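The structure appears below as structure tokens.
The values are calculated or read from the model by the stated rules, or taken from the named source; none is laboratory data. No experiment lies behind these values; they were computed from the predicted model shown. Neighbour counts are summed over all protein chains in view; Cβ atoms, including those assigned to glycine, are modelled from backbone coordinates with ideal geometry. When the accessible area is computed, the model is the full protein with side chains, heavy atoms only, and any ligands, DNA or RNA have been set aside. Shrake-Rupley method; radii C 1.70, N 1.55, O 1.52, S 1.80 Å.
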Amino acid sequence: MSWKGLIHKYKKFLPVTDKTPIITLQEGNTPLLLSRYLSEKIGLDVYLKYDGANPTGSFKDRGMTMAISKAVEKGVKAVMCASTGNTSASAAAFSARCGLKCIVLIPEGNIALGKLAQAMIHNAQVIAIKGNFDVALNLVKTITDEYPIELVNSLNPFRIEGQKTAPFEICDFLSDAPIFHSIPVGNAGNITAYWKGYKEYKDKKLSTRLPKMLGFQAAKSAPIVDEKIIENPETIATAIRIGNPASWETATAARDESGGLIDKVTDDEILLAYKILAREEGVFVEPASAASVAGILKLNEAGYFKGQKGNIVCTLTGHGLKDPNLAVESIQKPIVIEPDLKTVIKEIGL
Ligand SMILES: *Cc1c(COP(=O)(O)O)cnc(C)c1O
């Protein structure tokens with residue numbers, strides 16, 4: 001049967017009715033890849049849930065198909081979000097698909113080029129503010145409270161509903177939930193959604209167990225780990241450069257109920273995992289996504305998985321082409337030579 005998008009597939013788990021207009025780009029159904037390199041290194045089967053393969057290149061499409069469908073059902077004419085980039089790219093695309101006006105507030109200078117390009121080409125009204133994500137989100141909350149504009153950040157409960165379908169797919173593919181689930185944590189909506197999804201599938205007896213949730217923040221943007229708001233969060237992983245997560249409490253609940261942990265990884269650890277995924281597995285992700293893999297490598301070094309059996313799933317949240325500058329800057333540039341056969345052969349080393 002052809003794939004018609006995640007609302008169609010998981011309708012009975014979602015707050016939609018026959019009257020809900022389904023706005024879809026056929027998101028979801030993303031690859032779950034067995035990583036040979038990581039499995040050998042850690043001694044458990046490590047799977048990569050490659051959500052960068054969604055239509056706009058990040059998992060945000062899962063939540064956005066729900067949020068935009070419900071906004072259209074409600075009859076609003078405009079939606080708004082604050083964004084480190086991917087939420088605005090997704091909101092802009094789904095809004096374009098159904099003729100909604102889309103307004104996005106972004107932190108000036110801290111948006112990866114690919115994401116900015118997406119919001120602009122889909123004709124969103126893009127406004128950069130001289131402040132960070134947390135400041136932008138507070139402005140959006142106030143405006144959407146006072147005007148007939150729908151908020152489509154992950155505070156919108158329909159976003160979480162759509163995003164919980166990723167664990168459904170994982171359980172369907174593996175025939176059960178994994179033992180561990182590793183995930184980057186920024187505003188903490190996604191870890192909240194995964195935990196909700198895993199619990200619902202087990203309640204419905206579609207899986208037999210719950211994974212331990214392993215969340216990872218960037219070292220200088222780790223409010224949950226440090227147990228305090230970070231006023232000026234820093235990291236190359238701009239998608240998780242967040243100092244005051246909106247879903248803080250539900251993220252710590254996921255950690256505690258599952259018997260997992262939330263830890264932090266440095267930018268160097270993130271960059272190393274980013275390169276490992278590209279070189280060893282052929283999977284190009286944006287730096288924030290690599291935090292889930294950096295995290296399990298760090299835990300492995302500390303002996304966390306010793307004596308454990310079974311599997312780990314790592315969510316890879318976004319595509320590497322979102323942030324091409326970083327890729328080019330972090331690798332040695334190609335050398336330039338004369339266009340002559342002998343010189344080229346010599347350079348290749350034949
Ligand atoms: C949004 C995003 C995150 C963070 O997800 P939260 O739900 O905010 O925790 C991580 N990686 C990428 C690529 C993202 O777009």
Discussion item. Given the options 311, 325, name the one that is surrounded by 10 or more Cβ atoms within 10 Å (Cβ to Cβ), closer than 21 Å to residue 34 by Cβ and not acidic (Asp, Glu).
Written reply: 311
Worksheet item: Can you name the number of the only condition in (1) over 26 Å from residue 19 (Cβ atoms); (2) at pLDDT 95 or above; (3) in a strand (DSSP E or B) that residue 79 fails?
Response: (1)
Item to complete: Tell me which residues, restricted to segment 177-195, are touching a strand residue (DSSP E or B) at 6+ places or on another chain (Cβ under 7 Å) and either among the aromatic types (Phe, Trp, Tyr) or near the ligand (Cβ under 7 Å from one of its atoms) (or both).
Response: 180, 184, 185, 190, 191, 194, 195
Worksheet item: Does residue 167 satisfy the criteria of being open to solvent by 60 Å² or more (accessible area, probe 1.4 Å) and either of a type outside the set (Val, Ile, Thr) or within 20 Å of residue 215 (Cβ to Cβ) (or both)?
Response: no
Response to the item:
Flagged pairs (Cβ under 9 angstrom, 6 or more apart or on separate chains; first in segment 245-260, among the charged types (D, E, K, R); second assigned to a loop (DSSP other than H, G, I, E, B) and open to solvent by 20 Å² or more (accessible area, probe 1.4 Å)) are 257/210
Practice prompt. Check residue 341 against each of (1) among the aliphatic types (A, V, I, L, M); (2) in contact with a helix residue (DSSP H, G or I) (Cβ under 9 Å, 6 or more places away or on another chain); (3) modelled with pLDDT of 95 or more; (4) exposed (fewer than 14 other Cβ atoms within 10 Å of the Cβ) and name the one condition it does not meet.
Written response: (2)
Discussion item. For segment 44-66, give me each residue that is more than 10 Å from the ligand (Cβ to nearest atom), out of contact with any Pro (no Cβ under 9 Å at 6 or more places or on another chain) and assigned to a helix (DSSP H, G or I).
Written reply: 62, 64, 65
Worksheet entry | Lone qualifier among 76, 46, 104 - being of a type in the set (Val, Ile, Thr) and open to solvent by 10 Å² or more (accessible area, probe 1.4 Å) | 76
Worksheet entry | Failed item in (1) part of a helix (DSSP H, G or I); (2) within 16 Å of the ligand (Cβ to nearest atom); (3) open to solvent by less than 30 Å² (accessible area, probe 1.4 Å); (4) over 24 Å from residue 115 (Cα atoms), with residue 213 passing the rest | (1)
Practice prompt. Quick one: residue 60 ticks every box in (1) surrounded by fewer than 24 Cβ atoms within 10 Å (Cβ to Cβ); (2) charged (D, E, K, R); (3) closer than 25 Å to residue 138 by Cβ except a single one, so which number is it?
Written response: (1)
Worksheet item: Would you pick out the residues in segment 216-267 that are assigned to a loop (DSSP other than H, G, I, E, B), open to solvent by less than 20 Å² (accessible area, probe 1.4 Å), hydroxyl-bearing (Ser, Thr, Tyr) and more than 10 Å from the ligand (Cβ to nearest atom)?
Response: 235
Worksheet item: Which of the residues that make up segment 307-323 are among the aliphatic types (A, V, I, L, M) and in a strand (DSSP E or B)?
Response: 312, 313, 316
Discussion item. Of everything in segment 141-159, what is open to solvent by 20 Å² or more (accessible area, probe 1.4 Å) and touching a residue at least 24 places away in the same chain (Cβ under 8 Å)? Give them in sequence order.
Written reply: 143, 144, 148, 149, 150, 151, 155, 158
Worksheet item: So which of 124, 71 is at pLDDT 95 or above, in contact with a helix residue (DSSP H, G or I) (Cβ under 9 Å, 6 or more places away or on another chain), open to solvent by 10 Å² or more (accessible area, probe 1.4 Å) and not acidic (Asp, Glu)?
Response: 124
